[in-house]
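These notes are about the structure you will find just below.
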């Protein structure tokens, strides 16, 4: 982030749409699942506890539209569909792994900050 100087963010508007498409919760988790191996819809859904059918379908369409995953119709009966990550999608693996590890290490600090904030707000209201 050395190049992200406060006065040198003239191109930030160009990144907004890209970041919106790849950094939402489900996109990050879906890409993480598909980084290891291709998977069918229900397998992805099982691995992502809490995602609804609609949220997964919408996220998969968005990821496919953005060239991050491929949807392949399998010649099975009944017809099956498998999703796999593209080279472009795979290029996100390293930053996502870094973010994942950051969340594991720094998550407790985030929770502590939230508790401190909530405690201060409650004291202000009381």
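The values are calculated or read from the model by the stated rules, or taken from the named source; none is laboratory data. The model shown is predicted, which means the values in this text are computed figures rather than measured ones. A quick note on method: Cβ atoms are made from the backbone with ideal geometry, for glycine too, and the neighbour counts reach across all protein chains shown.
Only one of 48, 74 is on the phi < 0 side of the Ramachandran plot, free of Cβ contacts under 8 Å to residues at least 24 places away in the same chain, in contact with a strand residue (DSSP E or B) (Cβ under 8 Å, 6 or more places away or on another chain) and assigned by TED's automatic domain parsing to the domain that holds residue 22; which?
Just a single option satisfies the conditions, and that option is 74.
Looking only at the range 57-83, count every residue that is under 16 Å from the mean Cα position of the chain (by Cα) and surrounded by 15 or more Cβ atoms within 10 Å (Cβ to Cβ) and tell me the total.
Residues flagged as under 16 Å from the mean Cα position of the chain (by Cα) and surrounded by 15 or more Cβ atoms within 10 Å (Cβ to Cβ) within the range 57-83 amount to 9.
Could you please find all residues in the range 89-101 being more than 22 Å from residue 43 (Cα to Cα) and surrounded by 11 or more Cβ atoms within 10 Å (Cβ to Cβ)?
Passing the criteria: 91, 95, 99.
Kindly check whether there is at least one residue in the range 88-103 that is farther than 24 Å from residue 18 by Cβ and either in a helix (DSSP H, G or I) or out of contact with any strand residue (DSSP E or B) (no Cβ under 8 Å at 6 or more places or on another chain) (or both).
Looking through the range 88-103, none of the residues is farther than 24 Å from residue 18 by Cβ and either in a helix (DSSP H, G or I) or out of contact with any strand residue (DSSP E or B) (no Cβ under 8 Å at 6 or more places or on another chain) (or both).
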